[in-house]
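Colleague: If you scroll down you'll find the structure; I have some questions about it.
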Amino acid sequence: MSSVGSGRARTGKAALRPNTMILRRTLILMTMCGVVAFAVLIWKLYDIQIVKHDYYEQLAVEQQTRQSVVTASRGTIYDRNGNVLAMSASVETVFISPYEMNLYKEDKELIASKLSEILGVDKQGILTKMEDTKSWYKTIKTKIESDVAAQVRQFIKENKIKSVHLEPDSKRYYPYGTLASHVLGFVGTENKGLEGLELKYNSYLEGVNGRIIRLKNAKGTDMLFTDFEDYYDAQDGKDVTLTIDSTIQFYVEKYLAQAIKDYDVQNGGACIAVRPTTGEILALASYGNFDPNNYLAISVEKQEELSAITDEEEYSEKLRAARLEQWRNKAIADTYEPGSVFKIITLAMALEENVVSPSDTFYCGGSVPVLGRTTPVKCWRTQGHGSQTLKQAMQHSCNVALVNIGLRVGAEKFYEYVEAFGFFDKTGIDLPGESGSIWWPKKTFEDKKNLSQLAAASFGQTFNITPIQLVMAVSATVNGGKLMKPYIVKEITNPADGTAEVVNQPTVVRQVISENTSRQIREILESIVCEDEGTGKNAYVPGYRVGGKTGTSEKVAQDLRNEGEKEYIVSFLGIAPMDDPQIAVLLILDNPSRKSGIYISGGNMAAPVVGNILSEVLPYLGVEPVYTEEEKAVLDVSVPKVTGRTVDEAKALLQSQGLKFKVVGDGDTVTDQLPGANAVVSPGSTVILYAGAEKPTGTVTVPNLYGKRLSEVRTQLEKLGLFVRSSGALVRTDKAVVSTQSIPSGEEVAAGTIISVTLVDPTILGFY
């Protein structure tokens, strides 16, 4: 081969080299791209099938199935006797499916107008919800009653509507309205507890919703001719049984509300009834109250107050504050100075430490100097009580005597007993919102150069505690010395099989004082109510051994500011029967008004109220009265039925019952009577017998009975054709006078109406 040929061959090979390289590079690149693409594909498959498996599975389920909620029924709340206090009633929820509405070309205007009319819902709001055509579920209204649901169904049927649906739901219902509202609390729109026991025990009460799962087709409607359906049963909530007795709760709320009205109490009040030996709460009330069936509503008084506010932001804030205030459970959430009721605690520690004895005497000249104070501690009775025994000092509620007793105990021991009686800890009652106390720091309290805190604390001043702390501590002083833990839930049961999941039993926190000390305290407390010198005599209940202690405390903050008219908290803690305490009742009234005309004190205002509560509750509890001959003479009398009897027979029967009579008409037979049969009136009342004459049908004006004796009241009322029933201080003094009347003066009432009055000792009331 020539050199020229060889060169050509070499040139051809050289020319092929770039093409080969390009091809090789292209192949490499394609391979790499294939690997990358394949890797991406592999990763995508891994991501779909492994990483996001649950997500896509759920998406597929949602695309292929329709779920309906089966609402669980919230558990029932019972009182201790099986009376229903809170229950769930069957209601329904109305919802629309904008997707179906668009699919079937249904008349949106017609549907919106009719649902708005039936349900009372804004029409434009419904139309707005219809715009989301991809949605299968838009709630229109929840908790509708059966009669309203029936109207919706009729509309659906008549118009062959496919996009409007109803599903079962439940609504919380409180049969007794406001009764025990602060105990029960309430639930929100989602059946979740928001206050009270509904909140505290929500996890037990709410249950677990069930589901119904059905297949759906590409159009989103239920697939026909398939047996596929999964049903998951709802698990209803547990039932809760309380220690509360609805009857006792009714009496407590009745008399608390009456006291608020009678004494023009500005800041409401609270009342707790507890079984001292077990810690069971029999009743617990706070005022003002609310109806848990309509928990957002506020009182008429508050509505009137808010109506004057024009600023929208201010109105909203005041409305919120008003709601929070009426929901507040004062019995456990508010702290206050206990005043003289706390003297029971000072007495208990002094007796237990043997620094005082029943034979000791104490002199009160009206004040006592105390180390660390620039001025002496004054007694409420400025002229003093003179020489007095320990029992008399408690009967008089003498500040000077209690200061001396507290000084004998000493600051260190005093502090120890305050802690032992539970005042430094929350009680642990099974209700939300319990507050703690406000006490002096130990170092300050035990300052040997300044005994002013010890002196003030001895008679219940300069510290704050809660009502529940106080009633449990005092219960310990009369039950044999055991501090009990209060509780309000007795048991929680499964309604499916009746098995108890939670059972609460009496719990002893600690032994604070001895049985012997407790016995001495019971004797002294009984004397405060049942003897003439006792400040608690207005809590006296004929036939029963009642004990207790009064309390009147000036609000500290205001006292320190020295502003305006002084405000007080008045209270009374009553226990009965004192030989075997079955119930302790603490009543607190926050800032009664002087406009009521009654001298402000626990003995005047709180003691009679607790006496009225005990007069109703003790017979209900089965405690048998034992009357003295003196008591029998003043007991109210039930008027017998004499209509249809001869006049002579009627006279004889009335006289045998200690009643007088007056005959109107000249017939031989009683054709009518005033008051009617079974009416309860005071002894010596005059029953009017109509013998052929017509009984009057008009009305009469109720007179003002305040400050009058029972004999005066009876005479005045009977002239008007009215009658009186009395309670309170009847036996110890014939000078007892009216402090409150059940029907205000000036009201028009029918002839024969009975007016209940509370009688109190005028020497305490301030008439003299």
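Colleague: When only residues in segment 277-315 that are within 30 Å of Q582 (Cα to Cα) and over 20 Å from the mean Cα position of the chain (by Cα) count, which is surrounded by the most Cβ atoms within 10 Å (Cβ to Cβ)?
Modeller: Among them, the one singled out is T278.
Colleague: Give the residues of segment 379-429 that are polar (S, T, N, Q), buried (at least 17 other Cβ atoms within 10 Å of the Cβ) and out of contact with any His (no Cβ under 7 Å at 6 or more places or on another chain), sorted by residue number.
Modeller: If the condition is that a residue be polar (S, T, N, Q), buried (at least 17 other Cβ atoms within 10 Å of the Cβ) and out of contact with any His (no Cβ under 7 Å at 6 or more places or on another chain), then Q392, Q395, S397, N399, N404, T427 are the ones that fit.
Colleague: Of the residues in segment 434-446, how many are part of a loop (DSSP other than H, G, I, E, B) and either surrounded by fewer than 16 Cβ atoms within 10 Å (Cβ to Cβ) or basic (K, R) (or both)?
Modeller: 2
Colleague: Scan segment 660-672 and tell me whether some residue there is closer than 22 Å to A257 by Cβ and not in a helix (DSSP H, G or I).
Modeller: No.
Colleague: Just give me the residues in segment 162-215 being exposed (fewer than 15 other Cβ atoms within 10 Å of the Cβ), under 21 Å from the mean Cα position of the chain (by Cα) and in a loop (DSSP other than H, G, I, E, B), in sequence order.
Modeller: Residues satisfying the conditions are P175, G177, G188, T189, K192.
Colleague: So which residues in segment 133-157 are among the hydrophobic types (A, V, I, L, M, F, W, C) and either farther than 15 Å from E92 by Cα or free of Cβ contacts under 8 Å to residues at least 24 places away in the same chain (or both), if there are any at all?
Modeller: Selection gives W136, A150, F155, I156.
Colleague: Related question: Going by what's in this entry, would G480 be described as over 24 Å from the mean Cα position of the chain (by Cα) and either buried (at least 24 other Cβ atoms within 10 Å of the Cβ) or free of Cβ contacts under 8 Å to residues at least 12 places away in the same chain (or both)?
Modeller: When the stated conditions are applied, G480 does not pass them.
Colleague: Here's another thing I want to ask about it. Out of G746, G728, I need the residue that is farther than 30 Å from G536 by Cα and not hydrophobic (A, V, I, L, M, F, W, C). Which one?
Modeller: Going through G746, G728 in turn, the sole match is G746.
Colleague: Here's another thing I want to ask about it. Being buried (at least 20 other Cβ atoms within 10 Å of the Cβ), within 17 Å of L282 (Cα to Cα) and of a type outside the set (A, V, I, L, M) is the filter here; which residues of segment 582-620 pass it?
Modeller: Answer for segment 582-620, where residues must be buried (at least 20 other Cβ atoms within 10 Å of the Cβ), within 17 Å of L282 (Cα to Cα) and of a type outside the set (A, V, I, L, M): G611, N612, S615.
Colleague: Looking at segment 509-525, is at least one residue part of a loop (DSSP other than H, G, I, E, B), within 30 Å of D233 (Cβ to Cβ) and among the aliphatic types (A, V, I, L, M)?
Modeller: There is no residue in segment 509-525 that is part of a loop (DSSP other than H, G, I, E, B), within 30 Å of D233 (Cβ to Cβ) and among the aliphatic types (A, V, I, L, M).
Colleague: Would you confirm, using the coordinates I've provided, whether I298 is in contact with a strand residue (DSSP E or B) (Cβ under 9 Å, 6 or more places away or on another chain) and either aliphatic (A, V, I, L, M) or free of Cβ contacts under 8 Å to residues at least 24 places away in the same chain (or both)?
Modeller: No: the conditions fail for I298.
Colleague: Now for a separate question. Could you grab me the full set of residues in segment 260-275 that are modelled with pLDDT of 95 or more and surrounded by 24 or more Cβ atoms within 10 Å (Cβ to Cβ)?
Modeller: Listed by number, the residues that qualify are G269, A270, C271, I272, A273, V274.
Colleague: Ok, one more. Going through G534, G480, G543 one at a time, which residue ends up being closer than 18 Å to G728 by Cα, touching an Asp or Glu at 6+ places or on another chain (Cβ under 8 Å) and assigned to a loop (DSSP other than H, G, I, E, B)?
Modeller: Step by step, each of G534, G480, G543 is checked, and only G543 is closer than 18 Å to G728 by Cα, touching an Asp or Glu at 6+ places or on another chain (Cβ under 8 Å) and assigned to a loop (DSSP other than H, G, I, E, B).
Colleague: Scan segment 592-605 and report the pairs whose first residue is of a type in the set (K, R) and whose second residue is surrounded by fewer than 23 Cβ atoms within 10 Å (Cβ to Cβ), with Cβ atoms within less than 6 Å and a gap of 6+ or a chain change.
Modeller: Within 6 Å, the pairs are K595/D264.
Colleague: Please determine whether any residue of segment 511-529 is of a type in the set (S, T, N, Q), closer than 17 Å to R275 by Cβ and touching a residue at least 24 places away in the same chain (Cβ under 8 Å).
Modeller: Yes, that holds for at least one residue.
Colleague: Kindly check whether there is at least one residue in segment 141-156 that is within 30 Å of N494 (Cα to Cα) and in a loop (DSSP other than H, G, I, E, B).
Modeller: Within segment 141-156, one or more residues are within 30 Å of N494 (Cα to Cα) and in a loop (DSSP other than H, G, I, E, B).
Colleague: Can you pull out every residue in segment 384-431 that is closer than 21 Å to N604 by Cα and not aliphatic (A, V, I, L, M)?
Modeller: Those that are closer than 21 Å to N604 by Cα and not aliphatic (A, V, I, L, M): G384, H385, K391, Q392, Q395, H396, S397, C398, N399.
Colleague: A follow-up question, please. Residues in segment 323-355 that are surrounded by fewer than 22 Cβ atoms within 10 Å (Cβ to Cβ), closer than 20 Å to G481 by Cα and in contact (Cβ under 8 Å) with a residue 24 or more places away in the chain: how many?
Modeller: Qualifying residue count for the region: 2.
Colleague: Filtering segment 93-114 down to residues that are over 41 Å from the mean Cα position of the chain (by Cα) and of a type in the set (S, T, N, Q), which residue is surrounded by the fewest Cβ atoms within 10 Å (Cβ to Cβ)?
Modeller: S113
Colleague: Let me ask something additional. Here are some residues: I140, I144, I156. Which one is under 18 Å from S97 (Cα atoms) and surrounded by 19 or more Cβ atoms within 10 Å (Cβ to Cβ)?
Modeller: After applying the criteria, what remains is I140.
Colleague: Go through segment 134-186 and give me each residue that's in contact with a Ser or Thr (Cβ under 7 Å, 6 or more places away or on another chain) and of a type in the set (D, E).
Modeller: Within segment 134-186, E167, D169 meet the criteria.
Colleague: Moving on to the next point. Can you confirm whether A308 is under 26 Å from L194 (Cβ atoms) and either aliphatic (A, V, I, L, M) or out of contact with any His (no Cβ under 9 Å at 6 or more places or on another chain) (or both)?
Modeller: Answer is no for this residue.
Colleague: Let me ask something else about it. Would it be correct to say that G676 is under 20 Å from K695 (Cα atoms) and either in contact (Cβ under 8 Å) with a residue 12 or more places away in the chain or not in a loop (DSSP other than H, G, I, E, B) (or both)?
Modeller: Yes.
Colleague: If I ask for residues that are in a loop (DSSP other than H, G, I, E, B) and at negative phi, which ones from segment 452-477 would you list?
Modeller: F459, Q461, F463, T466
Colleague: Suppose we keep only residues that are modelled with pLDDT of 90 or more and touching a Ser or Thr at 6+ places or on another chain (Cβ under 6 Å) within segment 73-83. Which one would you say is farthest from A149 (Cα to Cα)?
Modeller: R80
Colleague: Conditions first: (1) touching a strand residue (DSSP E or B) at 6+ places or on another chain (Cβ under 9 Å); (2) closer than 23 Å to R408 by Cα. I488 passes all but one, so which condition is the exception?
Modeller: Condition (2) is where I488 drops out.
Colleague: Of all residues in segment 696-705 being part of a loop (DSSP other than H, G, I, E, B) and at pLDDT 90 or above, which is surrounded by the most Cβ atoms within 10 Å (Cβ to Cβ)?
Modeller: L705
Colleague: With the condition kept exactly as written, say whether any residue in segment 573-593 is part of a helix (DSSP H, G or I), in contact with an Asp or Glu (Cβ under 9 Å, 6 or more places away or on another chain) and closer than 24 Å to T466 by Cα.
Modeller: The answer is no, given that none of the residues of segment 573-593 is part of a helix (DSSP H, G or I), in contact with an Asp or Glu (Cβ under 9 Å, 6 or more places away or on another chain) and closer than 24 Å to T466 by Cα.
The values are calculated or read from the model by the stated rules, or taken from the named source; none is laboratory data. All values derive from a computational prediction rather than experimental measurement. Cβ coordinates were reconstructed from backbone atoms using ideal geometry, including for glycine residues, and neighbour counts include every protein chain displayed.
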